[in-house]
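A short reminder: the numbers here are calculations on the coordinates, not readings from a lab. Quantities reported herein were computed from a predicted structural model and do not represent experimental measurements. Please note: Cβ atoms are built from the backbone with ideal geometry, for glycine as well, and neighbour counts cover all protein chains shown.
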Amino acid sequence: MIWTLVKAAISAAVIVAVAEVSGRIPRLGALLLTLPIVSILAFIVLWSKEGEMTTITQLARETLVLVPLGLPFFIPFALSDRTGLSFWPSCAVGVLLASITIGLWFRFAPDAMGQPAREVQSEDFRSDNS
């Protein structure tokens with residue numbers, strides 16, 4: 001339980017630090033956002049928890065694909081001066097765009113083992129206790 005609280009505190013500190021720096025120096029904030037800080041921390045935590053590379057390797061491969069697919073999130077913010085969108089509409093459109101690209105990948109891309117995506121059946125969502 002203590003370790004979970006420490007991880008949460010570290011994550012919160014990173015988010016607050018990036019937000020504070022971004023408010024003063026946007027370019028430095030952008031640099032910090034592009035650094036894989038969360039990935040580094042996640043890999044360290046996984047390594048200390050499991051001590052083996054299998055999960056980290058799979059996580060790295062999936063992240064390598066998903067990062068570019070999440071980039072459409074930034075498009076409405078980058079174009080907000082031209083579109084006239086304020087923060088919340090830009091955020092909503094960005095989430096929608098990223099959800100579409102990532103959702104399409106989850107639907108149509110092969111899984112980590114190279115198998116084609118399978119149809120999700122309603123039984124997949126039922127609990128074993130039902």
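Some points to look at:
- Taking 0.36 nm per residue of separation and subtracting the current Cα-Cα distance, fully stretching the chain between PHE87 and ILE10 would add 25.0 nm.
- Cα-centred dipole magnitude for the chain, charges only on beta-carbon of K, R (+1) and D, E (-1), debye, nearest 20: 460 debye
- Ranked MET53, MET1, criterion: other C-beta atoms within 10 Å, fewest first: MET1, MET53
- Longest exposed-site-free window of the chain, the sites being GluC sites (Glu not before Pro) in a DSSP loop that have at most 11 other C-beta atoms within 10 Å: 53-118
- Cβ-Cβ FRET estimate between LEU66 and SER22, R0 fixed at 25 Å, reported to 0.05: 0.65
- Residues of the stretch 23-56 with an amide N closer than 20 Å to a point placed 7 Å from the Cα of ASP111 along the Cα-to-Cβ direction: 54-56.
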